[in-house]
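**Q** Quick one: the structure is below, and I'll ask about it shortly.
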Amino acid sequence: MKKTAAFALLVILLIILTAAALVVGSVKIPLEEIISIARGGGDATYRRVLLGIRIPRIIQAAVTGMGLSVSGAFLQGLLGNPLADPYILGISSGAALGAAVSIVLGLGMLGTQAMAFAAALATIYLVVSLSRIGHGTGGATLLLSGIAVSTFLSAILSFVMLRSHQKLSGIVFWMMGDFSLISWNEVIVSSPAIIVGTLLMYLYSKELNAIIMGRETAEHLGVNTQRVFGIILACGSLVTAAAVAVSGIVGFVGLMVPHITRMFVGPDNRVLVPFSALTGAIFLVFADALSRTLIQPAEIPIGIITALFGGPFFLYILRTSKTIK
Amino acid sequence: MEAVKISGLCFDYPGKPVLRDINLALTAGSFTAVLGPNGCGKTTLLKNISGYLKPVSGQVTVLGTPIQKLTQKERAKMIGYIPQNTSPGFGFTCLDVVGMGRLPYLGRFQWETREDRAAVKEAMELTGTWDLRDRLFGHISGGEMQRVLIARALAQQPKVLLMDEPVSHLDIRYQVEIVSLVKRLCDQMGITAVAVLHDINLASRYCGEMVLVKEGRVVSIGNAPEVITGENIKNVFDIEVDIIMPHRLVIPH
C-alpha cells in the first residue's frame, strides 16, 4: 500500500522535525543535552527550558496544526467551498473575542475555553445564516459574510484590548497567534478538547464524502445531513476555540493543509483527514520553529509566518478554483 | 405485484399546498414517466415517494412497507434517488462516486468489503461505466455523468429507482441512451423506475406508464395512448397538439 508507506514517512518526518524543534530557539539546547535530560540527567537550566517550555509548546503547536487542518477539510466539504477554513469564516475571531472577554472578566482558564467555544459556535451560526439571506447559496456570499463578521468581531476585540491592556496580552498575540506563552497548563486544558473534536469529526468522513456530492444526494444515501452539519460545526468550533483561547489566531492552516494534502492523496475524506491531520501537525511544528529562529533571540508571531504562506496560497486557489463564483 | 403504492397523498410547503390527493399504484418492473408543467409538484412527488419529504396526509408504501416507518438507512437500501443537480465533487473519481452507493450498508467504523466492491463493479458494468472508473467525475460528459449516477443508485441495490429530470441537459443521443438504459434495467432486473421527464415523445416511446400532473393533482394515469390525448395536453400544458401514431406509438407534435 503506497498510502500506508506515505503515512509512515510523514510520521518519521514529524519525529525528525520535532527533534530539530527541541534544539532550536532563543536558548539552543544541544542534542546531547536533550538525550541526557531524557535519561534523567543534564544541565538544570536546559532541563527547565526543555521540559517546562519547549516540549509543551511543540505539543500544542502539533495538536493545533492537526485540529485546524481537519476543521478546514471538514468545513470545505460541508459548505462546498474550497476557501472555507476556521480563520476565513470568522470562527477564530469569534473564539478570540470570547476568550478575551472572559479573561477581562477573570473567568479562569476553563471559563475562557467555554466562552471561546460559545462565541465560536455563535459566530459560525451567524456567518452561515447570513450567507443564506437573499439568493446566497454561492461560495462568494459565504466568504463575504465570514469576512464581514470577522472584521466586525476583530474591531470589538481590539476595543476590548485597548480598554483593558493590563489584563490582556498584546493585540499581536491575539491577532497573529503566538505559542510563546504555552505551558503545561495550557496544553492540558486545550489539547484534549482539540483531539476529541478532531476524532469526532473523523468519524463522519464517509458522510462528508456524500455531502460533497450534494445535500439531497447524501440524504438519499441514508445520511442525516442536518445532524452531521450540527456535529461538524460544533466540533470545528470546539477545536478552533480550544486552539485560539491559548495561542491566539493562527490563520490559513485550515485552508492550505487540506488543499495540498488533497493534491497527493485525493478527495476521499477517510484518507484525506488523517493525512491532513499529520501534515497540519508537521506544518505548525515547522512554522513554530521558524518563528523562534528567524530573528533570534526575538520571536516572530507564528500567524505572520502562516499568513506569509497562506495569503498567496489563497489567491492561487481563487484563481484555479472553478467553484467560487 | 405493486412495488409502490401511493394513497391519498397530500403535501404542503409552509403556507403553500403542493400535492393534493395523489393515488398511484406502480407494478414491479414498470417504468413510469411523470409529466407536467414546471412547478406542478413533480419533484415534490418524487421526494415524497423516497421518504425525504413527509406527507401531510396519506401514505406511500414500498413493497408493502409504509416508507415513513423505515429508518433513513433502510430507505436508502430500497430506493435509489438521482436528484436534478449533483455537484461535480472535489475531484472524486467515478469509482469513488459509485462507491458512495454502498454508504447505507456500511457501519460507522467499517470500510467497503469485497462484497461492496463487487456490487459497485456490477453496477458499473450494467451501466457501461466500468471503463470510466478512474476518470474524474467532474471531467466526464453529461451523458456519462448520468450513467455514473445511475450506477451509484444501482450500487444501493434498490427496488425502486427515482430520477428527477435525468435527461434534461442532454442532447438527443444521450437522452435515448439514458432512457433506454433505464428501460433495460426495469425489464432485466425488475427495478421499478419513476422519472420526471419533459420530452413527451421520449416518454411515450420508453415508459409503459405515464402520470400527468397539473397543479399538484394527477390528471391522467395509464399507458401512452390513454394519457397523451390532445385534450389532456391542452388541459395541462395549454397548447394545441396533433397526435400522430406511427406503429401504434403516440408522438405528439
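**Q** Note down the magnitude of the dipole of the protein assembly as shown about its Cα centre, charges +1 on Lys and Arg C-beta and -1 on Asp and Glu C-beta and zero elsewhere, to the nearest 20 debye.
**A** Numbers: 48 positive and 38 negative charges, 183 e Å.
Here the size comes out at about 880 debye.
**Q** Would you mind calculating the gained length between B:V56 and B:N23 on full extension (0.36 nm times residue separation, minus the Cα-Cα distance), in nm to one decimal?
**A** Additional length available on full extension: 10.4 nm.
**Q** Continuing with the same structure: Within chain B, what's the longest stretch lacking chymotrypsin sites (Phe, Trp or Tyr not before Pro) that sit in DSSP loops with no more than 12 other Cβ atoms inside 10 Å?
**A** Formally, the longest exposed-site-free interval is B:112-253.
**Q** In nanometres, what is the gap between the two model label sites at B:L106 and A:I16, each 7 Å from Cα along Cα-to-Cβ?
**A** 3.3
**Q** Using helices alone, what [θ] at 222 nm do you get for chain B, with -39,500 (n - 2.57) per DSSP H run of 4 or more residues, divided over all residues and rounded to the nearest 500?
**A** Values: 9 runs with 86 residues, N = 253.
Helices in chain B give a 222 nm mean residue ellipticity of -10000 deg cm²/dmol.
**Q** I've got another one for you. Could you work out the relative contact order of chain B, using alpha carbon pairs under 8 angstrom and six or more residues apart, expressed as a whole percent?
**A** Taking the mean separation of contacting Cα pairs over the length of chain B, I get 25 percent.
**Q** In addition: Need the C-alpha centroid separation for the range A:202-232 versus the range B:172-205, integer Å.
**A** One Cα centre to the other: 29 Å.
**Q** Ok, one more. Between B:R205 and B:R135, take the C-beta separation as r, use R0 = 25 Å, and let me know the FRET efficiency to the nearest 0.05. List each step's numbers first, then the result.
**A** Details: r = 30 Å, r/R0 = 1.21.
That gives a FRET efficiency of 0.25.
**Q** Let me ask you something else. Nearest 10 degrees is fine. How inclined is helix B:142-155 to the longest principal axis of chain B, computing both from alpha carbons?
**A** Orientation of helix B:142-155: about 70 degrees from the principal axis.
**Q** Hey, how many Å between the Cα centroid of the range A:79-112 and the Cα centroid of the range A:1-45?
**A** 31
**Q** Report ³J(HN,Hα) in whole Hz for each residue of the range B:45-62, in order, from the Karplus equation J = 6.51 cos²θ - 1.76 cosθ + 1.60 where θ = phi - 60°; Gly and Pro get x.
**A** 4, 4, 5, 6, 5, 6, x, 5, 9, 9, x, 5, 8, x, 8, 10, 10, 10
**Q** Considering only DSSP beta bridges with both partners in chain B, what is the antiparallel share in %, to the nearest 5?
**A** 60
**Q** Among B:G107, B:G142, B:G64, whose mean-square fluctuation peaks in a Gaussian network model of chain B (Cα, cutoff 10 Å)?
**A** With Cα springs under 10 Å in chain B, the top fluctuation among B:G107, B:G142, B:G64 is at B:G107.
**Q** In what sequence do A:S191, A:S36, A:S69, A:S291 fall when counting other Cβ within 10 Å, fewest first?
**A** Listed from fewest to most nearby Cβ atoms, that is A:S36, A:S191, A:S291, A:S69.
**Q** How much mean residue ellipticity at 222 nm does chain A get from its helices, if each DSSP H run of length 4 or more adds -39500 (n - 2.57) and you divide by all residues, to the nearest 500 deg cm²/dmol?
**A** -24500 deg cm²/dmol
None of the figures in this text is laboratory data; all of them are computed from the coordinates on show. Predicted model, so just to flag it, every value in this text is computed and none were measured. Neighbour counts are summed over all protein chains in view; Cβ atoms, including those assigned to glycine, are modelled from backbone coordinates with ideal geometry.
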